[in-house]
1. Please go through segment 177-204 and give me each residue that is of a type outside the set (A, V, I, L, M) and buried (at least 21 other Cβ atoms within 10 Å of the Cβ), ordered by number.
2. Please find, within segment 135-161, the residue that is surrounded by the fewest Cβ atoms within 10 Å (Cβ to Cβ) out of those that are under 20 Å from L212 (Cα atoms) and more than 16 Å from the chain's Cα centre (by Cα).
3. I'm checking my understanding of the structure. Among residues of segment 95-114 that are in a helix (DSSP H, G or I), among the hydrophobic types (A, V, I, L, M, F, W, C) and touching a helix residue (DSSP H, G or I) at 6+ places or on another chain (Cβ under 8 Å), which one is surrounded by the fewest Cβ atoms within 10 Å (Cβ to Cβ)?
4. Looking at (1) touching a residue at least 60 places away in the same chain (Cβ under 8 Å); (2) out of contact with any Phe, Trp or Tyr (no Cβ under 6 Å at 6 or more places or on another chain), which is the one condition that is false for T105?
5. Could you please give the count of residues in segment 74-94 that are surrounded by fewer than 18 Cβ atoms within 10 Å (Cβ to Cβ) and modelled with pLDDT of 90 or more?
6. Are any of the residues in segment 51-60 at pLDDT 85 or above, among the hydroxyl-bearing types (S, T, Y), loosely packed, with under 15 Cβ neighbours inside 10 Å and in a helix (DSSP H, G or I)?
7. Look at segment 213-229 and say how many of its residues are under 18 Å from A177 (Cα atoms) and either assigned to a helix (DSSP H, G or I) or at pLDDT 90 or above (or both).
8. Kindly list, by first and then second residue, each pair from a residue in segment 5-26 that is within 16 Å of R88 (Cα to Cα) to a residue that is modelled with pLDDT of 75 or more, limited to pairs with Cβ atoms under 6 Å and residues at least 6 apart or on different chains.
Amino acid sequence: MPIPPSFFPEMKDRLKLYFKFSPKEVQNIMISVVVMGFMVSFREWGITNEVNVYLGFFNWFNASLIILLTMIVWMTFCRLFSIIVGFRGEFKFWPGGLVFALIVTFVTRGYVWFLFLPGGLIVQHLTTHRIGYFRYGRNNQAYAIACMAGPIALIFLALFFRMLLGFFPENPLLIKAVAINLWFAVINMLPIPPLNGAHIFYFSRPLYAFLLGLFIAIGALLALNVSFWLTLIIAALFGALIWILYYLGFEKGAWDSFGD
């Protein structure tokens, strides 16, 4: 289907009206960045058992910068695709999730990062901009499209940082950036409201199974230093395998039972 000539001018106007972050969103995002930066740098506050405050704050700052970039990319793509499908996307802050993630960090001594439990995406229905859509209201399909955009963007950002590691081997910031973006994408796919994964899960469980398998496979392959294109191919095949197994094990059985 060709793109109508009015699409780009209309999108430009939508972005001007609805893309801007509210002061409350900026405040909540910064709180999330600072707390999650501390979580990521929890084990980097010194050497062995000796605490080094300067080193700790330096690592905290570096981790926070990476997380800030990750959140900006995540929210930018979520908002952009929300606007495309006729919604206005906003960052939904989840203080309880952030506190839980912080507790897990202390309990596991920083070995487990529950990144992106501080919130997810919520959308507001833009009444005039959804006129003519097949499903006019705030439906699961359009919501899922907006929610998928953020985690997928983070996966490609992780792959980009992994490519940079080929030019700057063993760079600790790039290694950390890859890990953070992979964790963000996977944790954000958990089917727990208000995380993005919940809305994808409600829309299509087979699609959810494919994406989750894809993301996990990409993370494992990147950890094994597999090449970029081979990573995408193997991960796509693994995601398809998870989709097939889920369909045969759950969806097909559910439909057969329904038919009986």
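The values are calculated or read from the model by the stated rules, or taken from the named source; none is laboratory data. Computed from a predicted model, the values in this text were never measured in an experiment. Cβ sites come from the backbone with ideal geometry, for glycine too, and all protein chains shown count toward neighbours.
1. Of everything in segment 177-204, those that are of a type outside the set (A, V, I, L, M) and buried (at least 21 other Cβ atoms within 10 Å of the Cβ) turn out to be N181, W183, F184, N188, N196, G197, H199, F201.
2. Filtering segment 135-161 for residues under 20 Å from L212 (Cα atoms) gives 140-160.
Filter once more, keeping what is more than 16 Å from the chain's Cα centre (by Cα): 140-142.
On the way: N140: 15, Q141: 12, A142: 25.
Among residues in segment 135-161 that are under 20 Å from L212 (Cα atoms) and more than 16 Å from the chain's Cα centre (by Cα), the one surrounded by the fewest Cβ atoms within 10 Å (Cβ to Cβ) is Q141.
3. L102
4. (2)
5. Number satisfying all stated conditions: 1.
6. Looking through segment 51-60, at least one residue is at pLDDT 85 or above, among the hydroxyl-bearing types (S, T, Y), loosely packed, with under 15 Cβ neighbours inside 10 Å and in a helix (DSSP H, G or I).
7. Residues in segment 213-229 being under 18 Å from A177 (Cα atoms) and either assigned to a helix (DSSP H, G or I) or at pLDDT 90 or above (or both): 10 in total.
8. Matching pairs, first to second residue: R14/I83; Y18/I83; Y18/R88; F19/R79; E25/F91.
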